[in-house]
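To keep things clear, I will list the structure first and then write my remarks on it.
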Amino acid sequence: MADDEIPSDSSTLVIIVDTNPNQRYITEDPKILTGCLDAVIAFANSHLMQKSRNELAVIGCHFHKSEYLYPSPGKPLDVRQIDGQYELFTLVEKTVKMRLVNLIKSQPQEEKPGESLLAGALAMGLCFISKVRREASPALKISSRILIVTGSSDTAAQYINYMNVFFTAQKQQVLIDVCSLDKHLSLLQQGCDITGGLYLKVPTLEGLLQYLLWVFLPEGSERKQLVLPGRGRVDYRAACFCHRELLTIGYVCSVCLSVFCKFSPICTTCHTVFKIGGPLPIKPKKKKMKV
């Protein structure tokens, strides 16, 4: 049996929840965010219920910053058992909702909402996984994955940061899963394909919890035994470094491999000056000697 097929002793799950108010489903009906958050919390508690050693982190991603919603960086909340519910499940629910309210209230009112800082949230998730692995026993086999739940549109402005995070996750053997709530996300689909994770665009938000439990709850070693949605065709177009637009054909710097949509004699990334060859010299024709 291969190493990736052996069941792990513990599983670390990092959930990134996009709370940007620019998302279409939030602008149409802000109450839908509450239902999506309840589905994510139920999914997180299901992960903790599988094994006693499982670890969980929830990160809220906004347009001005990303922040841990669980675990709380300070002293944990003092919770008591409610209607027979496991205290840890109550702690997760109350901590996530309380810190999410604080995150939304901390957004600058005069600033116009921009794109979600998903690349930074992914980097935070990798740091959390690295911390868990460092503190765990060397004999403990830990599987790690990151789940992104977002309804934001695809953007190439964070292309370089995305690629750095994707290949770092691949090197650390961390799966990146993406649950798209609205539009197709080609860049995040590239991250799923690079790291071996799953990509799913949910057809309806009413069944979000069912899709989360069915597709994203199993670990990487268990997914090979299940019939899950295929990855489909992955769009591997690169984004140009000048306008952050996806390209089919472009110009690549031979030194730093930066991609540009138009030719420039100087690379704006590494400032390399390219030698532009002139036209080939025309050899003069030899005059025939007259006899």
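Residue pairs, Cβ under 6 Å, 6 or more apart or interchain, first in the stretch 217-234 and under 19 Å from Leu13 (Cβ atoms), second at pLDDT below 85. List them.
Taking only residues 6 or more apart or on different chains, the pairs are Ser221/Glu5; Ser221/Pro7.
Would you check if Leu117 is assigned by TED's automatic domain parsing to the domain that holds Phe43, touching a residue at least 24 places away in the same chain (Cβ under 8 Å), in contact with a His (Cβ under 9 Å, 6 or more places away or on another chain) and within 30 Å of Phe241 (Cα to Cα)? Steps first, please.
Numbers: assigned by TED's automatic domain parsing to the domain that holds Phe43: yes; touching a residue at least 24 places away in the same chain (Cβ under 8 Å): yes; in contact with a His (Cβ under 9 Å, 6 or more places away or on another chain): yes; within 30 Å of Phe241 (Cα to Cα): yes.
Criteria met by Leu117.
State all residues of the stretch 108-136 that are over 29 Å from Arg53 (Cβ atoms) and open to solvent by 40 Å² or more (accessible area, probe 1.4 Å); if no residue qualifies, say none.
Our first condition is that a residue be over 29 Å from Arg53 (Cβ atoms); within the stretch 108-136, this holds for 108-117, 119.
Selection gives Gln109, Glu110, Glu111, Lys112, Pro113, Glu115, Leu117.
Filter the stretch 164-189 down to the residues that are open to solvent by less than 30 Å² (accessible area, probe 1.4 Å) and under 13 Å from Asp18 (Cβ atoms) and list them by number.
Applying the first criterion (open to solvent by less than 30 Å² (accessible area, probe 1.4 Å)) to the stretch 164-189 yields 165-166, 169, 174, 176-182, 185-189.
If the condition is that a residue be open to solvent by less than 30 Å² (accessible area, probe 1.4 Å) and under 13 Å from Asp18 (Cβ atoms), then Val178, Cys179, Ser180, Leu181, Asp182, Leu185, Leu188 are the ones that fit.
Each row is one residue, and each column tells you yes or no for (1) open to solvent by 40 Å² or more (accessible area, probe 1.4 Å); (2) outside any loop (DSSP other than H, G, I, E, B).
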residue: Lys97; (1), (2): yes, yes
residue: Pro138; (1), (2): yes, no
residue: Arg145; (1), (2): no, yes
residue: Ser152; (1), (2): no, no
residue: Ala157; (1), (2): yes, no
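Looking at (1) surrounded by fewer than 17 Cβ atoms within 10 Å (Cβ to Cβ); (2) modelled with pLDDT of 85 or more; (3) part of a loop (DSSP other than H, G, I, E, B); (4) within 12 Å of the chain's Cα centre (by Cα), which is the only condition Asn161 fails?
Asn161 satisfies all of (1) surrounded by fewer than 17 Cβ atoms within 10 Å (Cβ to Cβ); (2) modelled with pLDDT of 85 or more; (3) part of a loop (DSSP other than H, G, I, E, B); (4) within 12 Å of the chain's Cα centre (by Cα) except (3).
Can you tell me which of Asn45, Asn20 is at pLDDT 90 or above, part of a helix (DSSP H, G or I), open to solvent by less than 60 Å² (accessible area, probe 1.4 Å) and under 30 Å from Gln172 (Cα atoms)?
Selected residue: Asn45, the only one of Asn45, Asn20 that is at pLDDT 90 or above, part of a helix (DSSP H, G or I), open to solvent by less than 60 Å² (accessible area, probe 1.4 Å) and under 30 Å from Gln172 (Cα atoms).
Return the total of residues in the stretch 99-136 being touching a strand residue (DSSP E or B) at 6+ places or on another chain (Cβ under 9 Å), outside any loop (DSSP other than H, G, I, E, B) and not small (Gly, Ala, Ser).
13
How many residues are modelled with pLDDT of 90 or more and over 17 Å from the mean Cα position of the chain (by Cα) when one looks only at the stretch 52-70?
4
Cβ-Cβ under 8 Å, sequence separation 6+ or interchain: first residue in the stretch 163-190 and free of Cβ contacts under 8 Å to residues at least 12 places away in the same chain and farther than 15 Å from Met124 by Cα, partner open to solvent by 10 Å² or more (accessible area, probe 1.4 Å) and not acidic (Asp, Glu). Which pairs?
From the stretch 163-190, no pairs qualify.
When the residues of the stretch 242-274 are filtered to those that are of a type in the set (Gly, Ala, Ser) and surrounded by 14 or more Cβ atoms within 10 Å (Cβ to Cβ), which remaining residue is modelled with the highest pLDDT? Spell out the reasoning first.
So the first thing to find is which residues in the stretch 242-274 are of a type in the set (Gly, Ala, Ser), and the list is 250, 254, 258, 264.
Imposing the further condition that a residue be surrounded by 14 or more Cβ atoms within 10 Å (Cβ to Cβ) reduces the set to 250, 258.
Numbers: Gly250: 88, Ser258: 83.
Within the stretch 242-274, the match that is modelled with the highest pLDDT is Gly250.
Quick check on my filter: what residues within the stretch 193-232 are among the hydrophobic types (A, V, I, L, M, F, W, C), in a helix (DSSP H, G or I) and open to solvent by 20 Å² or more (accessible area, probe 1.4 Å)? So that I can check it myself, show each step before the final result.
Of all residues in the stretch 193-232, those among the hydrophobic types (A, V, I, L, M, F, W, C) come to 194, 198, 200, 202, 205, 208-209, 212-217, 226-228.
Now restrict to residues that are in a helix (DSSP H, G or I): 194, 205, 208-209, 212-216.
Scanning the stretch 193-232 gives Ile194, Leu205, Leu209, Leu213, Trp214.
The values are calculated or read from the model by the stated rules, or taken from the named source; none is laboratory data. In this text the structure is predicted, and so the values were computed from the model without any measurement. Neighbour counts are summed over all protein chains in view; Cβ atoms, including those assigned to glycine, are modelled from backbone coordinates with ideal geometry. Side chains are part of the model used for accessible areas, which takes the heavy atoms of the whole protein and leaves out ligands, DNA and RNA. Shrake-Rupley method; radii C 1.70, N 1.55, O 1.52, S 1.80 Å.
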